[in-house]
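Below: one structure, written as C-alpha cells.
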Amino acid sequence: MPEENPIRDRLLTGLALVFLVAFLWYADNYFGAYTQRILNNIAIFIILAVSYNLINGITGQFSLEPNAFLAVGAYTSAIFTLSPEEKIRSFIIEPMIWPLSDMSLSFPASLLLAGLVTALMALLMAIPVFRVRGDYLAIVTLGFGEVIQVVANNIIPVTNGPLGIKGLTPHTNIWWSWGICIFTVFCVVRLVNSSYGRAMKAVREDETAAQAMGINAFRIKTLAFTFSAFFEGVAGGLLAHLITTISPSLFTFMLTFNLLIIIVVGGLGSTTGAIISAILITWGGEALRIVEEPASIFGFQYEGVPGMRMVLFSVILIFVMLFARQGLMGRNEFRWLKLIAWFERLTKTGAKAK
C-alpha cells in the first residue's frame with residue numbers, strides 16, 4: 001500500500017490541470033458548436049452541483065432554493081451587461097426603471113455582481129429560514145423559489161415580466177465556464193477541508209451535539225447557505241449568457257429537482273461525487289437522444305420514440321439507486337493515494353494472470 005505524499009499529490013493535481021487545459025484548448029479550437037455547448041453546460045452544472053451539495057450534503061440542510069438563486073444571478077448579470085440602447089429596445093411594455101436603465105457593466109463585473117446580489121439575498125433569507133429544520137426548511141425554501149418566479153413575472157420595469165430578456169451577448173465560452181468551474185471546486189474543497197467545513201459536518205451529523213460543543217449552528221448554516229448562493233448566482237450569469245435569453249418560466253422547480261438528482265446520485269456530502277454525477281447526467285442526457293432518432297438495427301427499421309430518452313434515463317437512475325444506495329461515491333472523496341493503490345492492484349493481478 002503506497003503512503004501519503006502531499007508533494008506527489010500536488011504534482012499529480014497540477015499535471016491533471018495541465019491536461020484539462022490542453023483538452024479545453026483543443027475543444028475550443030476543433031470541436032463543433034454543439035459539443036462546445038454541452039461542455040459549457042457540464043461546467044455550469046458542476047458549479048451548481050458542488051455549491052448545492054455544500055448546503056444539502058455537507059451541512060445536511062434539506063434546501064430547495066437553487067432555482068431562485070439561479071434566477072437572481074441570471075437576471076442581475078443580464079440586466080447589467082445590456083447597454084442602455086439595448087434596454088430601450090427590449091423593454092417594450094414598460095421602460096426599465098432608472099438608474100438601472102443607464103447602467104452597464106462588463107461581463108466579468110456582472111458575474112461578480114450577480115454572485116454578490118445572490119449572496120446578500122441568501123444572507124437576508126437565512127435569518128427566517130434557519131429558524132426551522134428538516135421538511136419545514138424544504139417547504140420554506142421551495143416557497144421562496146416560487147415567490148421569485150412570481151416576482152420576476154410582475155416587476156416588469158426590472159425583469160421585463162413574462163417577455164423576459166432576449167438578445168444577450170453570448171459571452172459564456174469554454175474558458176469562462178470551465179475557469180469559474182475550477183475556481184468554484186477549489187474554493188468549495190478548501191472550505192470543506194477547513195475548520196468551518198468540519199463544523200458543517202458536525203451540524204449535519206447532530207446539530208444539538210454540535211451546539212453543545214460550542215459550534216454556532218446558525219452561523220455555520222448561514223455561511224454555507226451564503227457561500228453556496230454566491231456561486232449559484234455566478235452560474236446563473238453564465239447560463240444567461242450561454243442561452244442568450246431568459247424568462248421566469250426557465251427557473252422552475254424542475255431545475256432544482258434536476259440538481260437534487262445530481263447530488264443524490266453522486267453521493268450526498270461528496271464533492272467528487274457531485275462533479276462525476278454532473279458530468280454523467282448532463283452528458284448522458286444528450287447522448288441518450290439517439291434513442292429518439294430513426295435507426296436501422298440488424299435490418300430492422302426503428303422509427304424512434306419521442307420521450308424515450310427520459311424513460312431510459314429514469315430506468316438508469318432507478319438501477320443506480322438500487323445498487324448504489326449511498327450514491328456513486330457515498331461520502332468519499334477522490335484521493336490520488338486510492339487511485340495509485342487501485343492501479344498497483346490491477347498491475348499485480350495482470351502479472352499473475354500471465
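Any read-out appearing in this document is the output of simple, stated calculations on the displayed coordinates, not a laboratory observation. What you see is a predicted model; the values in this text were computed from it and never measured. FYI the Cβ positions are ideal-geometry reconstructions off the backbone, even for glycines, and counts take in every protein chain you see.
For the reader, a short list of remarks on this structure follows.
- Look at the alpha carbon pairs under 8 Å that are at least 6 residues apart: their mean separation over the length of the range 6-251 gives a relative contact order of 38 percent.
- For the chain, the Kirkwood hydrodynamic radius comes to 22.0 Å, computed from all pairs of different C-alpha atoms.
- When +1 charges are put on Lys and Arg Cβ atoms and -1 charges on Asp and Glu Cβ atoms, the dipole computed for the range 196-354 relative to its Cα centre reaches about 860 debye.
- Most fluctuating residue given options Gly236, Gly284, Gly266, as computed from a GNM of the chain linking Cα atoms under 10 Å: Gly284
- Surrounding net charge for Glu207, when Lys and Arg each add one and Asp and Glu each subtract one, Cβ distance under 12 Å: +2
- Here is how the number arises for the chain: DSSP H runs of 4 or more residues each give -39500 (n - 2.57), the sum is divided by the residue count, and the result at 222 nm is -23000 deg cm²/dmol.
- The range 225-317: GluC sites (Glu not before Pro) in DSSP loop, at most 10 other beta carbons within 10 Å: Glu303
- Here's the list of lysines a cross-link from Lys348 could span, going by alpha-carbon distance under 23 Å and ignoring same-chain residues fewer than 8 apart: Lys338.
- Lys/Arg +1, Asp/Glu -1 at C-beta; the chain dipole; positive extreme among Leu242, Ile79, Asn332: Asn332
- Rounded to the nearest 20, the Cβ-based charge dipole of the range 6-251 about its Cα centre (Lys and Arg +1, Asp and Glu -1) stands at 520 debye.
- Proxy reagent accessibility, fewest Cβ within 10 Å first, across Ile55, Ile97, Ile180: Ile97, Ile180, Ile55
- Whether the range 11-110 is rounded, prolate or oblate, judged on the alpha carbon gyration tensor where a/c under 1.5 counts as rounded: oblate
- Partners of Lys166 within straight-line reach, counting aspartates and glutamates whose Cα lies under 13 Å from its Cα and excluding those fewer than 8 residues away in the same chain: Glu86.
- Extreme residue, positive dipole direction of the chain, given options Leu116, Ile7, Tyr26 (C-beta unit charges): Ile7
- Percentage relative contact order, the range 186-293, counting C-alpha pairs under 8 Å, at least six apart: 12 percent
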